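Here the structure comes first, spelled out in structure tokens, and everything after it is commentary.
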Amino acid sequence: MRIKVLGCSGGVGPDLRTTSLLINDELLVDAGTGIGDLTLDQMSRITDVLLTHSHLDHVCGLAFMADNLFGLIDRPLRVHATAATIDALRRHLFNWVIWPDFSQLPDAEHPLITFHEITPDVPFTVCGLAVVGFTVLHTVPAIGYALDSGEGVFAFSGDTYACEALLSALNKLPRLDRLMIEVAFPDEDAALGELSRHFTPHLLGAELRKLRHRPQLFLTHHKPGVEPAIQRECVDALAAWDYSHLKRGDIILS
Ligand SMILES: [Zn+2]
Ligand SMILES: [Zn+2]
């Protein structure tokens, strides 16, 4: 499995894009502003999208992608998400007010987007990968994903705060080779992290002590401007771990 990081920032700015991963050129995990660097040809090769939650930094690219693909693809783009996320997208994004409803365009018989409901903890297959979604703790219903290529297991936390559900889901996996996990704020913003349900470095370090696996860590979703503080604090908080701070354009093989 080849994972290309299209975006991994908690915000936008020069060279910063929000969360989106392109897997084997055909599957997206989240559709943040990172998809804006794909060519039309690259976009048209994507068949499936896995969404973690409904927040704009993870879904806004889906709106633009649907628009770009209009008339270019002859099968729907399959969007997989929980019922709560699908409901939020239908009500608040693809509602003809913020954006056209591409699940009804060009017509209801041949929609550009189809939604497919995911039930957490129920495995399914997408693009030849064994996938399972697991519940995490965020300000809206949110899940992370574990993807098994047959050669390795890669898990992505999505946006989350410390929670029993995350650790128990990860510990239940038979193996875990690589873990992409968010850390959005520095320690001094721990109160904001708790309020907005995002990790801070020392809280993440404390949670990871409960993990029975020793995956390679990829840290993501740093808010713009606080990256240096997060990096300084991770030196201590994650001293026992093999970790790196993700950058746009990174490739992970798993
Ligand atoms: Zn979020
Ligand atoms: Zn986010």
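The values are calculated or read from the model by the stated rules, or taken from the named source; none is laboratory data. As the structure is a computational prediction, the values presented were derived from the model and not from experiment. We place every Cβ from the backbone using ideal geometry, glycine too, and count neighbours over all the protein chains shown.
Quick notes
- Considered as a group, the residues in the stretch 140-150 that are in a loop (DSSP other than H, G, I, E, B) and within 16 Å of ligand 2 (Cβ to nearest atom) include one that is farthest from E117 (Cα to Cα), and that residue is V140.
- V5 of a type in the set (A, V, I, L, M, F, W, C), under 12 Å from the mean Cα position of the chain (by Cα) and closer than 27 Å to H245 by Cβ: yes
- Selection count, the stretch 140-192, where residues are within 15 Å of ligand 1 (Cβ to nearest atom), surrounded by fewer than 21 Cβ atoms within 10 Å (Cβ to Cβ) and of a type outside the set (A, V, I, L, M): 2
- Wholly enclosed strands (runs of 3 or more DSSP E) of the stretch 33-139 bearing at least 2 residues surrounded by 14 or more Cβ atoms within 10 Å (Cβ to Cβ) and touching a residue at least 60 places away in the same chain (Cβ under 8 Å): 48-50, 129-135
- Filter result for V153 (of a type in the set (A, V, I, L, M), touching a Lys or Arg at 6+ places or on another chain (Cβ under 7 Å) and away from ligand 2 (no atom under 16 Å from the Cβ)): yes
- Residue match in the stretch 11-18 (condition: crowded, with 24+ Cβ neighbours inside 10 Å, at pLDDT 95 or above and either of a type outside the set (S, T, Y) or away from ligand 2 (no atom under 16 Å from the Cβ) (or both)): no
- Taken over the stretch 23-32, the criterion of being more than 15 Å from the chain's Cα centre (by Cα) and without any contact (Cβ under 8 Å) to a residue 60 or more places away in the chain is satisfied by D25 alone.
- Residue within the stretch 52-65 that is touching a Cys at 6+ places or on another chain (Cβ under 9 Å), at pLDDT 95 or above, within 14 Å of ligand 2 (Cβ to nearest atom) and over 30 Å from D107 (Cβ atoms) present: no
- Filter pass, L217 being closer than 26 Å to T33 by Cα, more than 16 Å from ligand 2 (Cβ to nearest atom) and surrounded by 15 or more Cβ atoms within 10 Å (Cβ to Cβ): yes
- Single match in D37, D87, D25 (criterion: away from ligand 2 (no atom under 16 Å from the Cβ), within 24 Å of G152 (Cα to Cα) and out of contact with any Phe, Trp or Tyr (no Cβ under 9 Å at 6 or more places or on another chain)): D25
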